[in-house]
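Here's the structure, in structure tokens; my notes come after.
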Amino acid sequence: MTNTITKCVFPAAGYGTRFLPATKAMPKEMLPVLDKPLVQYGVEEALAAGMSTIAIITGRGKRAIADHFDISYELEHQIQGSSKEILLHEIRNLIDQCTFLFTRQREMRGLGDAILCSEPLTNHEPFGVILADDLCSNEDDPVMCQMARLYEEHQCSIVAVQEVPIDEISKYGVIAGEEIEDGIYRVTDMVEKPPADKAPSNLAIIGRYILTPDIYEILRNIEPGKNGEIQLTDAILEQAKQGKVIGYRFKGQRFDCGSIHGFVDAVNHFFSKFSPDE
Ligand code: G1P
């Protein structure tokens with residue numbers, strides 16, 4: 001497959017208030033599922049899809065993320081030659097294969113604003129977006145790989161969607177669309193966190209996107225939406241009005257690791273696949 005998308009944006013400036021007090025002094029993206037922080041799962045998924053430039057939108061108090069994707073000389077020197085050395089191989093390989101770019105979102109003005117901060121890092125190219133607290137699992141075909149293939153076919157923005165129970169729909173951006181192939185929708189409408197009785201469907205947007213760079217101009221001009229924030233959903237709707245957005249019901253499991261329930265489910269899921277070496 002020729003890979004036209006080489007960049008992936010990770011919005012990671014949010015406070016993680018749903019996980020306080022754990023996230024008081026630690027970024028929520030660094031919460032570990034078994035022995036790996038959430039953001040590392042996301043970066044592995046991006047790299048599997050050929051996206052080796054990782055653009056992380058951070059904020060105050062998020063330095064641990066940059067440190068995680070850097071070499072730790074003291075630590076590596078200390079454990080050199082010991083049985084522990086192998087524990088750092090995976091992250092070291094990942095670091096070697098990726099380029100990490102960081103910028104800060106200065107004010108919490110919403111997901112759309114966070115994406116706008118990535119403009120200088122994506123070089124006017126289409127790019128992936130991963131929200132690391134939506135942890136997706138598909139060993140054979142990671143979700144971002146599925147979406148990158150779909151992009152090659154459709155050459156337009158893509159949002160990952162999942163059917164959710166209607167009483168949970170108000171937690172998500174929601175799409176309406178015409179199913180053009182099994183699990184592939186031409187999006188006709190999108191609403192950010194509608195009340196259940198106003199939701200256009202039960203297809204919720206999950207934290208995986210591929211966006212074309214015209215999104216930036218839209219984001220610059222859009223009015224604040226839900227909760228007074230610049231909503232990515234509202235900006236993608238503008239693309240959808242031009243018939244340029246696909247909703248994709250991805251194959252795999254997704255865990256909402258921003259909630260205790262989802263997080264515990266993720267830990268159990270990955271533990272069931274885990275084979276301890278020691
Ligand atoms: C964000 C998006 C929302 C999407 C969700 C997926 O909301 O605004 O459209 O459904 O991520 O996790 P958040 O969970 O950041 O409030």
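The values are calculated or read from the model by the stated rules, or taken from the named source; none is laboratory data. None of the values given here were measured: they were computed from a predicted structure. Please note: Cβ atoms are built from the backbone with ideal geometry, for glycine as well, and neighbour counts cover all protein chains shown. Heads up: the accessible areas ignore ligands, DNA and RNA and are worked out on the full protein's heavy atoms, side chains in. Shrake-Rupley method; radii C 1.70, N 1.55, O 1.52, S 1.80 Å.
Observations on the structure shown:
- Sequentially through the stretch 268-274, phi angles give Karplus couplings (6.51, -1.76, 1.60; θ = phi - 60°) of 5, 4, 6, 5, 5, 9, 7 Hz, Gly and Pro residues having no value and appearing as x.
- Rounded to the nearest Hz, the phi-derived 3J(HN,Hα) couplings of the stretch 55-64 under the Karplus curve 6.51 cos²θ - 1.76 cosθ + 1.60 (θ = phi - 60°) are 9, 9, 9, 10, x, 4, x, 10, 4, 4, where x marks glycine and proline.
- Highest mean packing comes first when the peptides 158-168, 68-78, 258-268 are listed by Cβ atoms within 10 Å, giving 158-168, 258-268, 68-78.
- Comparing mean-square fluctuations of K193, K244, K226 from a GNM of the chain with C-alpha springs under 10 Å, the top value falls on K226.
- Exposure of C136 as accessible area (Å², to 10), given a probe of 1.4 Å and all protein chains: 20 Å²
- Protein heavy-atom surface of the stretch 127-239, 1.4 angstrom probe: 43% of the accessible area is carbon and sulfur, with nucleic acids and ligands not counted.
- Net charge dipole, the stretch 1-104: roughly 600 debye, given to the nearest 20, about the Cα centre with Cβ charges of +1 for Lys and Arg and -1 for Asp and Glu.
- Sorting the segments 16-28, 53-65 by their residues' average number of neighbouring beta-carbon atoms within 10 angstrom, most packed first, yields 53-65, 16-28.
- Qualifying lysines (Cα of each under 30 Å from Cα of K171; at least 8 residues distant if same chain): K7, K24, K28, K36, K62, K193, K198, K226, K241, K244, K251, K273
- For the chain, the Cβ-based charge dipole about the Cα centre amounts to some 760 debye (Lys, Arg positive; Asp, Glu negative; other atoms uncharged).
- Across all Cα pairs in the stretch 24-117, the calculated P(r) in 10 Å bins from zero up to the longest distance comes to 14, 43, 34, 8, 2 percent per bin.
- Applying the Kirkwood pairwise sum to the alpha-carbon positions of the stretch 17-62 produces a hydrodynamic radius of 11.8 angstrom.
- Total formal charge among the other residues, if their Cβ is under 13 angstrom from that of L88, Lys/Arg +1 and Asp/Glu -1: -4
- Taking the charge dipole of the chain about its Cα centre, with +1 at Lys and Arg Cβ atoms and -1 at Asp and Glu Cβ atoms, the residue from Y216, M108, I54 reaching farthest to the positive side is M108.
- Local electrostatic count at A132 - Lys and Arg +1, Asp and Glu -1, tallied over other residues with Cβ under 10 Å: -3
- Helical content alone sets the calculated 222 nm signal of the chain at -8500 deg cm²/dmol, taking -39,500 (n - 2.57) per DSSP H segment of four or more residues and averaging over every residue.
- Projected-area average for the stretch 89-163 over all orientations - Cα convex hull basis, square nanometres: 7.2 nm²
- Positive minus negative residues near D141 (Lys, Arg vs Asp, Glu; Cβ under 15 Å): 0
- Largest-first principal axis extents of the Cα set of the stretch 43-187 (Å): 57, 38, 36
- Between amide H atoms placed 1.01 Å from N, distances below 5 Å from I206 occur with A160, V161, Q162, all of them 5 or more places distant or on a separate chain.
- Cα-only Debye scattering, the chain: base-10 log of I(q)/I(0) at q = 0.09, 0.11, 0.12, 0.13 Å⁻¹: -0.41, -0.61, -0.73, -0.87
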